[in-house]
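> Encoded as structure tokens, here's the structure I'll be asking about.
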Amino acid sequence: MPKRPSSLETAAPLIPESPTLDKLREAAAGCRACPLWKTGTQTVFGEQEGRPRPGPRVMFVGEQPGDQEDKAGKPFVGPSGRLLNEALEVVGIDRRQVYVTNTVKHFKWEETQGKKRIHAKPSYGEIRACKPWLEAEIRVFRPDVIVCLGATAAQALLGKDFRVTKQRGRPLHSEYAPVVVATVHPSSILRAPKEEDRKAALRAFIEDLRVVAEVLNGLRAGEGASAHL
Ligand code: URA
Ligand code: SF4
């Protein structure tokens, strides 16, 4: 019988039964469902900083680990992560309440002249192969709110026709969470060539995160109210 082409393979058979986040992380460490395991140093799984806290849960989904994340084995520890942390602080979202992860769990890169390891966009097949990990993380963490950072995450969770430029900063409903908000990827802000463009992009990003903060505050107030019933 002909071998199934690898483009049809996904991580689905690797998802453990009754998964916890720790079990998922362990299983994902050995994933070879797409060719990116060869490019990346290690699987960079999602995580929540510190101990889980009571209150509404929010999950941020990026594209894929970058150079620093690939080396550290932790998501959003490089320049994009620093910018995200700053923006979260501005809008008053407690970083310890946040689970951060990526659509694709291995770093994809290209060597270019002089500069090494330049980020390369994951293909549709790689995103599809890796999606069972993200779906399992969502099932286990059960976020009240998911924030898609950039088009890769938004299209993976909201459909390929989703346009961040048109639909950013709006609370949407999805099968994955009661509220999903899409915004740009922090790296797009850092890449803006002119200082004034960077500033404007950062302001717009913060406005989108303010929407997320308001949703979270609303949920918190709702929880408080139901506790008094
Ligand atoms: N960009 C991402 O999308 N994810 C990371 O973890 C780091 C940079
Ligand atoms: Fe597996 Fe995802 Fe890594 Fe591909 S990118 S090998 S699907 S963990």
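The values are calculated or read from the model by the stated rules, or taken from the named source; none is laboratory data. Being a predicted model, the structure only gives us computed values, none of them experimental. Methodologically, a virtual Cβ is constructed for each residue, glycine included, from the backbone with ideal geometry; neighbour enumeration extends over all protein chains shown. We work out accessible area using only protein heavy atoms, side chains counted, and drop any ligands, DNA or RNA first. Shrake-Rupley method; radii C 1.70, N 1.55, O 1.52, S 1.80 Å.
> Quick one: what are the phi-derived ³J(HN,Hα) couplings along the stretch 158-172, Karplus 6.51/-1.76/1.60 with θ = phi - 60°, whole Hz, x for glycine and proline?
10, x, 6, 8, 5, 10, 4, 4, 8, 10, 5, x, 10, x, 10
> Please compute the contact order of the chain in relative form: average sequence separation of alpha-carbon pairs under 8 Å and at least six residues apart, divided by the residue count, as a percent.
After rounding, I find 22 percent.
> Now for a separate question. Using only the alpha-carbon atoms of the stretch 98-229 as identical scatterers, what base-10 log of I(q)/I(0) does the Debye formula give at q = 0.09, 0.21 Å⁻¹?
Log10 I(q)/I(0), no solvent term: -0.32, -1.34.
> I've got another one for you. Past the 23 Å Cα-Cα mark, which pairs from LYS23/LYS121; LYS115/LYS194; LYS116/LYS166; LYS74/LYS108; LYS131/LYS194? Spell out each step's value before the answer.
Details: LYS23/LYS121 28 Å; LYS115/LYS194 21 Å; LYS116/LYS166 34 Å; LYS74/LYS108 15 Å; LYS131/LYS194 35 Å.
Distance filter (> 23 Å) returns LYS23/LYS121; LYS116/LYS166; LYS131/LYS194.
> Then there is this: Highest first, please rank the peptides 136-143, 15-22, 165-172 by the mean number of other Cβ atoms sitting within 10 Å of their residues.
Values: 136-143: 18.2, 15-22: 11.8, 165-172: 13.6.
The most tightly packed comes first, giving 136-143, 165-172, 15-22.
> Can I ask one more? Ignoring ligands, DNA and RNA, what accessible area per residue does the stretch 7-221 give at 1.4 Å, in Å²? Intermediate values should be presented prior to the final figure.
Values: 10910 Å² over 215 residues.
Spelled out: the 1.4 Å probe surface of the stretch 7-221, per residue, equals 51 Å².
> Hey, what do the phi angles of the stretch 97-103 turn into as Karplus ³J(HN,Hα) couplings, whole Hz, using 6.51/-1.76/1.60 and θ = phi - 60°, x for Gly and Pro?
Working through the residues one at a time gives 8, 10, 9, 10, 8, 10, 5 Hz.
> OK, next. Of all the accessible heavy-atom surface of the chain, with the other protein chains kept in place and a 1.4 Å probe, what percent is carbon and sulfur? Before the final figure, lay out each step's value.
Working: 6590 of 12410 Å².
Answer for the chain: carbon and sulfur cover 53 percent of the accessible area.
> Can I ask one more? Kindly sort TYR176, TYR124, TYR99 by accessible area of their heavy atoms, largest first, with the probe set to 1.4 Å.
On the way: TYR176 40, TYR124 165, TYR99 0 Å².
The ranking, largest first, comes out as TYR124, TYR176, TYR99.
> Now for a different question. Rounded if a/c is under 1.5, else prolate if a/b beats b/c, else oblate: with a ≥ b ≥ c from the C-alpha gyration tensor eigenvalues square-rooted, which is the chain? Write down the numbers at each step before the final one.
Values: a/c = 1.75, a/b = 1.22, b/c = 1.44.
Oblate shape, in that a/c is at least 1.5 and b/c is the bigger or equal ratio.
> For the chain, what is the mean residue ellipticity at 222 nm derived from helices alone (per DSSP H run of n ≥ 4: -39500 (n - 2.57); sum divided by total residues; nearest 500 deg cm²/dmol)?
Details: 9 runs with 100 residues, N = 229.
Value at 222 nm, helices only: -13500 deg cm²/dmol.
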